[in-house]
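The values are calculated or read from the model by the stated rules, or taken from the named source; none is laboratory data. As the structure is a computational prediction, the values presented were derived from the model and not from experiment. Virtual Cβ from ideal backbone geometry, glycine too; neighbours counted across all protein chains shown.
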Amino acid sequence: MPASRSRIVAEVDFEKNGRQQGFLRLFHSVHSSAYGFIPIPIVVLKNGDGPTALLVSGNHGDEYEGQVALCNLAKSLDPARIQGRVIILPAANFPAAMAGRRTSPIDEGNLNRLFPGDPDGTVTEQIAYYIEHELVPMADLLCDLHSGGSSLMYVPSALFGGWQRDGSTAAGVAALKAFASPIAYVAEANQGGNRTLSGGAARQGVIALGTEAGGSGHVTRTALRIVERGVNNVLVHLGILPEGARIAPDGPTRFLEVGGPDYFVYAPENGLYEPLVELGDMVRAGQAAARMHFPETPWVSPVTAHFARDGFVLCKRMPGRTARGDCLFHLGTDIAL
């Protein structure tokens, strides 16, 4: 293999059997620490030859469900039970995760919009480069665990981006089905485009699954259970865990598609938004989605936003104070997979 261009140094040996835990050292010279490094935690479990799963959370630091799930897994998964390798990166954008923010307090970097990264760039660009060029190529499958973060709430769901209608992405659909989330959706593209971690996985030829497991800045038992079960079942699907470890779902998966701009509703004005529907509702094209109020001039009539198509309300904005252009809702439409 060519020499690495990344300046991040791993304290773990990815080829060593057993359990290892340590840090990725991202050297960062600041006033208070001239020769210091940012310690990004990583856990590697390996037992012989076999497939590799790369499990990532904390890509956005205010999305907590995946972080809790991977912290639990890092402590509970016995390397003697697996065949192959599991790489766990629970706080990928470590500065953002420690601050509980979507973006890094160091450089305001949104990790999931900075792939493929830059080995000589900002802190967040260096993290993106290391993940895409050092970790992703080791993997047979990537799970990038997200939720709605501070500003959005999702019906807990799994997703597969980069889906193709011609059947060429059947392996990714099979992995999505194995995750066995009650709600799962596919998308041919996402708002982050190829600057996301899933875009980086596609460049490296690696299947990438994701989640949108709740959000609103907190963790629910329901969402956590869905994520933990899904990750477990993906490890079974890969053959890393034995078939007997599979956890049965509560019922069948409802599959949705998330398409283009008409699936999304955005705030038409600055103001205080009043939602007129809730998560999980079925809505119709032309139906009122929300009203924007103006408390500073309460005598002014509210402005109403409408849905552009029929669909299932998959995602909802949570903070009431809203600016023009903020996403208020997005929909999914039922699809057979």
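Taking the stated definitions as given, is ARG19 in a strand (DSSP E or B) and either touching a Phe, Trp or Tyr at 6+ places or on another chain (Cβ under 9 Å) or farther than 24 Å from ILE226 by Cα (or both)? Considered against the rule, which asks whether it is in a strand (DSSP E or B) and either touching a Phe, Trp or Tyr at 6+ places or on another chain (Cβ under 9 Å) or farther than 24 Å from ILE226 by Cα (or both), ARG19 comes out as yes. Where strands (runs of 3 or more DSSP E) fall wholly inside segment 261-337, the ranges with 1 or more residues that are in contact with a His (Cβ under 9 Å, 6 or more places away or on another chain) and among the acidic types (Asp, Glu) are 271-275.
Is at least one residue of segment 71-83 more than 30 Å from ILE226 (Cβ to Cβ), over 25 Å from the mean Cα position of the chain (by Cα) and not β-branched (Val, Ile, Thr)? So far as segment 71-83 goes, no, none of its residues is more than 30 Å from ILE226 (Cβ to Cβ), over 25 Å from the mean Cα position of the chain (by Cα) and not β-branched (Val, Ile, Thr). Given ARG246, ARG254, which one is touching a helix residue (DSSP H, G or I) at 6+ places or on another chain (Cβ under 8 Å) and not aromatic (Phe, Trp, Tyr)? Criteria check complete, one pass: ARG246. Here GLY251 fits the description: in a loop (DSSP other than H, G, I, E, B) and of a type in the set (Gly, Ala, Ser).
Which one of these does GLY58 not meet: (1) over 19 Å from VAL227 (Cα atoms); (2) in contact (Cβ under 8 Å) with a residue 24 or more places away in the chain; (3) out of contact with any Leu (no Cβ under 7 Å at 6 or more places or on another chain)? The single condition GLY58 does not satisfy is (1). Only residues that are within 19 Å of LEU55 (Cβ to Cβ) and of a type in the set (A, V, I, L, M) were counted in segment 95-132, giving 6. Which members of segment 202-221 meet the condition of being part of a strand (DSSP E or B), closer than 21 Å to VAL68 by Cβ and in contact with a Gly (Cβ under 6 Å, 6 or more places away or on another chain)? Within segment 202-221, just GLY215 meets the criteria.
The strands (runs of 3 or more DSSP E) found entirely in segment 146-201 that carry 3 or more residues being modelled with pLDDT of 95 or more, in contact with a Gly (Cβ under 7 Å, 6 or more places away or on another chain) and at negative phi are 152-154, 157-161.
Just to check your reading of the model, which residue among ALA92, ALA10 is within 30 Å of SER151 (Cα to Cα) and aliphatic (A, V, I, L, M)?
Details: ALA10 fails: within 30 Å of SER151 (Cα to Cα).
The match here is ALA92.
For first residues located in segment 237-260 and touching a residue at least 24 places away in the same chain (Cβ under 8 Å), partners that are surrounded by fewer than 16 Cβ atoms within 10 Å (Cβ to Cβ) and assigned to a helix (DSSP H, G or I) and lie 6+ apart or on another chain with Cβ distances below 7 Å form the pairs LEU241/ARG81. Out of all the residues in segment 186-230, which are within 14 Å of ASN112 (Cβ to Cβ), among the β-branched types (Val, Ile, Thr) and in contact with a Ser or Thr (Cβ under 8 Å, 6 or more places away or on another chain)? Within segment 186-230, THR211 is the sole residue that qualifies.
Could you tell me which residue of segment 1-16 is surrounded by the fewest Cβ atoms within 10 Å (Cβ to Cβ), considering only residues that are part of a loop (DSSP other than H, G, I, E, B) and small (Gly, Ala, Ser)? By that ranking, first place goes to ALA3. Within segment 82-102, track down each residue that is closer than 20 Å to CYS143 by Cα and not hydrophobic (A, V, I, L, M, F, W, C). Correct list: GLN83, GLY84, ARG85, PRO90, ASN93, ARG102.
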